[in-house]
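Scroll down for the structure; my scribbles are underneath it.
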Amino acid sequence: GKNVPVKVTFQHKDGSELWIRDFAGRKFSSFQSEGHGYADRLLVEKFGPVTVWLALVLKDEKLHLITRRWSMFGIPLPLALSPNVSTYENQADGKFCFYVEVGSLLTGLIVRYQSWLALSK
């Protein structure tokens, strides 16, 4: 839908951050943490049984998140079979702006959203 109110909250938990995204009452969450070992310098994000290792790449004043590897149920999968992800964050007019698009060859578009966040106290 358009103009859906979004609330994002963060909780620190066991060296990770739990991100809870609330789209007008429909919640979606993931864990984000710093990569270690072979995942050094990567952001690791877990969505249920799926884990994605992301490189953070600054280009055109936007921070892009680029998939470098992924697994499902702990089983590494070929990068060529990973979902197609286009994600970036940037700052504009004092706001945190973001764009997320996820799809796959088998399913087509899975989700696409973009918006901005205002900091609350």
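The values are calculated or read from the model by the stated rules, or taken from the named source; none is laboratory data. Since the model is a prediction, treat every value here as computed from it, not as a measurement. Using ideal geometry, Cβ is built from the backbone for each residue, glycine included, and neighbour counts are taken over all protein chains shown. Note: accessible area is taken over every heavy atom of the protein model, side chains too, but ligands, DNA and RNA are not part of it. Shrake-Rupley method; radii C 1.70, N 1.55, O 1.52, S 1.80 Å.
What the table below lists for this structure:
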read-out	value
Any chance Lys59 is within 15 Å of the chain's Cα centre (by Cα) and either among the small types (Gly, Ala, Ser) or open to solvent by 30 Å² or more (accessible area, probe 1.4 Å) (or both)	no
Complete set of residues in segment 96-109 that are loosely packed, with under 13 Cβ neighbours inside 10 Å and assigned to a strand (DSSP E or B)	Gly108, Leu109
Set Glu89, Glu17: member being touching a Phe, Trp or Tyr at 6+ places or on another chain (Cβ under 6 Å), closer than 16 Å to Ser115 by Cβ and either of a type in the set (D, E, K, R) or surrounded by 12 or more Cβ atoms within 10 Å (Cβ to Cβ) (or both)	Glu89
Given (1) modelled with pLDDT of 90 or more; (2) closer than 28 Å to Lys2 by Cα; (3) surrounded by 13 or more Cβ atoms within 10 Å (Cβ to Cβ); (4) of a type outside the set (Gly, Ala, Ser), number of the condition Arg69 does not satisfy	(2)
Residue within segment 44-54 that is in contact with a helix residue (DSSP H, G or I) (Cβ under 6 Å, 6 or more places away or on another chain) and either open to solvent by less than 60 Å² (accessible area, probe 1.4 Å) or aliphatic (A, V, I, L, M) (or both) present	yes
